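The values are calculated or read from the model by the stated rules, or taken from the named source; none is laboratory data. Source: prediction; values computed, not measured. Here the Cβ is made from the backbone with ideal geometry for all residues, glycine too, and neighbour counts use every protein chain on show.
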Amino acid sequence: AAVVKYDWTVDYLSAAPDCVERLIIAINGQFPSPTIQAVQGDTVVVNLKNNLPTEGVTIHWHGISQKGTPFSDGAAFVSQCPINPGEIFTYKFVVDKSGTYFYHGHFGMQRAAGLFGSLIVSLPPGEKEPFSYDGEFSLLLSDWYHQSIYLQELGLSSIPFEFVGEPQSLLIQGRGKYNCSLDLCPVGSPDCLQCNASANAACAAPFVLPVQPGKTYRLRLGSAAILSSLNFIIENHNMTVVEADSHYVEPFVVDNLDIYSGQSYSVLITANQEPTRNYWVGLNVRGRLPATPTGLAVLQYLPSNSSSGLLLPPTPAPQSPVWNDFAVSVAQAEKYAAKTGLAYSAPPAKSHRLLIFLNTQNTIDGHIRWAINNISYVPTATPVLAAFKFKLWKAFDQTPPPDRPPPSDNHLDIYATPNANSSHARYGNGVYVFKLGEVVDVVIQNTNTLNPNNSEIHSWHLHGHSFWVLGYGKGVFDPQTDPAQRYNLVNPPLRNTVAVFPYGWVAIRFIADNPGAWPFHCHIEPHFFMGMGTVFAEGIHNLPHIPSQTLGCGLTKPNW
Ligand code: C2O
Ligand code: CU
């Protein structure tokens, strides 16, 4: 195995990915940030220089297990102190599993500033994928806002609360086009003037996927979305799903693919349509009332369309299923099954511990917050990992957070507004501590938000592990009957990010076998910012040596 080295500088960049100029946080001046290419078993070394004049930064390698290197996980105040302006931090980790990944900023809302890029891990030489293809493309998908993340953060923490709202555009591999003619763009506003001025300029050129008729291509997709549940669709072309979050799945065919923030997929497409024209690749919002036009790229059939510039498809933008048809989304989510054989292991038959996480939206001291079992997460000033390693018990809340929703009522009412089980939410940063090797089930239970008759999709991501998705259900999870009736223990898919649907639950199982401290949180950036997450820790007596460059904040400040 090789050592793959990158020297990166993080900087502000003023750029217009959708034709409207805004402030981006970029690596080496690129948006999206540079792609990492490595082979399974390689060691990736990234020397990251923070050139931002006035803010710290961290990078999280989403989906990478970080076995033995929990300090390289890049979660601010969990695995490390933010890297200060002018400082260099070296991330070093082994990519132990082939597949499609991405990385992103993990401090405040920095991902929303465009700080994300692809990370592709290919199979070692001599090993073959369980499917074949002639070429591949990697498409990082995102929703895009014109407002700076600082104003977004301010709005989310203000009284009255100001939400980030729906995105202005959707980007495919960093490219989109703002629609100046929408109400989104009041005539005469600076955004609009700029947009009109550049409407036909190169900034509006869609990303192009050139294909040869008859050939099959692997599309590697990842969602770095801030808020939106996305739906990916290619005009006239079916997709065969073969990989989810770096794990092989039993192949199945879809004509549109739901992808929630933090998820990645590989799909196979065959260029088997009329080759004299090109086709739209489209990205739409699902799960929220859309106010954002379709993001577009072009599937370009070679050679007939290669000569006279890019021929835009003659058809309207592709439509996805209607945004609130949640049954369609649940049905697609339930189709995933692991491809067994190939290094797949089925989950242990039983778990040692069951956590039921009631997701609620609350007000705390007038602030709108998200909470899990009444605790709304606020980051500590000391990295949690360092707190365990150096026994800095004052660093975080020593009361373990509750395994179950508080019994303020003798039954869970997930439809009430505000939630009866969660009327006394508070801020906290307690940690769930597991024994090394413990088998843990988490049931994520969705509820009504503070708005009557409204429940939202959340996309839950666990650092440092893959988990089995055992099953989904509607209404209130029943620990007596649901495991027997609704769990798949034979070939549940392994993932690192899973959606919980409105008024429903999802059950996951994982083995706490990775000594470290690992965030478990909703991957919707404003939700995590508003407290929707917690930290899991395990093997706290088996933690590796922690490099001093991760330290220097909170209780880890050197004592001169
Ligand atoms: Cu991709 Cu903690 O996130
Ligand atoms: Cu959420």
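Taking into account only those residues within region 23-44 that are over 20 Å from the mean Cα position of the chain (by Cα) and of a type in the set (A, V, I, L, M, F, W, C), which is surrounded by the most Cβ atoms within 10 Å (Cβ to Cβ)?
First, pick out the residues of region 23-44 that are over 20 Å from the mean Cα position of the chain (by Cα): 23, 28-30, 38-44.
Next, from what is left, pick out any that are of a type in the set (A, V, I, L, M, F, W, C): 23, 38-39, 44.
Working: 23: 16, 38: 20, 39: 17, 44: 23.
Checking each candidate, the answer is 44.
Yes/no matrix, rows are residues, columns are (1) modelled with pLDDT of 95 or more; (2) crowded, with 24+ Cβ neighbours inside 10 Å; (3) out of contact with any Phe, Trp or Tyr (no Cβ under 8 Å at 6 or more places or on another chain):
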| residue | (1), (2), (3) |
| --- | --- |
| 76 | yes, no, no |
| 79 | yes, yes, no |
| 83 | yes, yes, no |
| 86 | yes, no, yes |
| 90 | yes, no, yes |
| 93 | yes, no, no |
| 96 | yes, no, yes |
| 106 | yes, yes, yes |
| 111 | yes, yes, yes |
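Name the pairs whose Cβ atoms lie under 6 Å apart, with the first residue in region 1-25 and in the same structural domain as residue 59 (by TED's automatic domain parsing), the second surrounded by fewer than 14 Cβ atoms within 10 Å (Cβ to Cβ) and hydroxyl-bearing (Ser, Thr, Tyr), and 6 or more positions between them or separate chains?
Filtered contacts from region 1-25: 21/14.
What pairs come out if I take residues in region 47-75 that are basic (Lys, Arg) and pair them with residues that are within 12 Å of ligand 1 (Cβ to nearest atom) whose C-beta lies under 9 Å away, six or more apart or interchain?
Final answer for the pair search is 67/464.
Looking for something modelled with pLDDT of 95 or more, charged (D, E, K, R) and surrounded by fewer than 21 Cβ atoms within 10 Å (Cβ to Cβ) - is there at least one such residue anywhere in region 281-290?
no
Look through 476, 500 and report the one residue that is more than 16 Å from ligand 2 (Cβ to nearest atom), within 25 Å of residue 286 (Cα to Cα) and either of a type outside the set (Lys, Arg) or at pLDDT below 95 (or both).
476
Here are some residues: 502, 558, 544. Which one is under 30 Å from residue 412 (Cβ atoms), in a loop (DSSP other than H, G, I, E, B) and away from ligand 1 (no atom under 16 Å from the Cβ)?
502
Only one of 317, 338, 346 is surrounded by fewer than 19 Cβ atoms within 10 Å (Cβ to Cβ) and either of a type in the set (Phe, Trp, Tyr) or under 18 Å from residue 469 (Cβ atoms) (or both); which?
Testing whether each residue is surrounded by fewer than 19 Cβ atoms within 10 Å (Cβ to Cβ) and either of a type in the set (Phe, Trp, Tyr) or under 18 Å from residue 469 (Cβ atoms) (or both) leaves just 346.
List pairs: first in region 226-254 and under 30 Å from residue 148 (Cβ atoms), second hydroxyl-bearing (Ser, Thr, Tyr) and part of a strand (DSSP E or B), Cβ under 9 Å, 6+ apart or cross-chain?
Hits for this filter: 226/142; 228/142; 229/223; 229/459; 230/142; 230/223; 232/223; 232/265.
Does region 344-357 contain any residue that is in the same structural domain as residue 416 (by TED's automatic domain parsing), within 16 Å of ligand 2 (Cβ to nearest atom) and closer than 29 Å to residue 143 by Cα?
yes
Which one of these is more than 16 Å from ligand 2 (Cβ to nearest atom), surrounded by fewer than 22 Cβ atoms within 10 Å (Cβ to Cβ) and in contact (Cβ under 8 Å) with a residue 40 or more places away in the chain: 516, 552?
Details: 516 fails: surrounded by fewer than 22 Cβ atoms within 10 Å (Cβ to Cβ).
Unique residue meeting the criteria: 552.
Looking at region 452-481, which of its residues are more than 16 Å from ligand 1 (Cβ to nearest atom), small (Gly, Ala, Ser) and closer than 23 Å to residue 228 by Cβ?
If the condition is that a residue be more than 16 Å from ligand 1 (Cβ to nearest atom), small (Gly, Ala, Ser) and closer than 23 Å to residue 228 by Cβ, then 455 is the only one that fits.
What number of residues within region 470-509 are in contact with a Ser or Thr (Cβ under 7 Å, 6 or more places away or on another chain) and either of a type in the set (A, V, I, L, M) or within 27 Å of residue 70 (Cα to Cα) (or both)?
Start the filter on region 470-509 by keeping residues that are in contact with a Ser or Thr (Cβ under 7 Å, 6 or more places away or on another chain), which leaves 491, 494-497, 499, 501-503, 509.
Filter again for either of a type in the set (A, V, I, L, M) or within 27 Å of residue 70 (Cα to Cα) (or both), leaving 494-497, 499, 509.
Residues flagged as in contact with a Ser or Thr (Cβ under 7 Å, 6 or more places away or on another chain) and either of a type in the set (A, V, I, L, M) or within 27 Å of residue 70 (Cα to Cα) (or both) within region 470-509 amount to 6.
Out of (1) crowded, with 18+ Cβ neighbours inside 10 Å; (2) outside any strand (DSSP E or B); (3) over 25 Å from the mean Cα position of the chain (by Cα), the odd one out for residue 333 is which?
All conditions pass for residue 333, except number (3).
What number of residues within region 225-259 satisfy the criterion of being crowded, with 21+ Cβ neighbours inside 10 Å, under 30 Å from residue 309 (Cβ atoms) and among the aliphatic types (A, V, I, L, M)?
Qualifying residue count for the region: 4.
Please determine whether any residue of region 486-493 is surrounded by 21 or more Cβ atoms within 10 Å (Cβ to Cβ) and not β-branched (Val, Ile, Thr).
Within region 486-493, one or more residues are surrounded by 21 or more Cβ atoms within 10 Å (Cβ to Cβ) and not β-branched (Val, Ile, Thr).
Determine which member of the set 433, 439 is surrounded by fewer than 21 Cβ atoms within 10 Å (Cβ to Cβ), away from ligand 2 (no atom under 16 Å from the Cβ) and within 20 Å of residue 374 (Cα to Cα).
433
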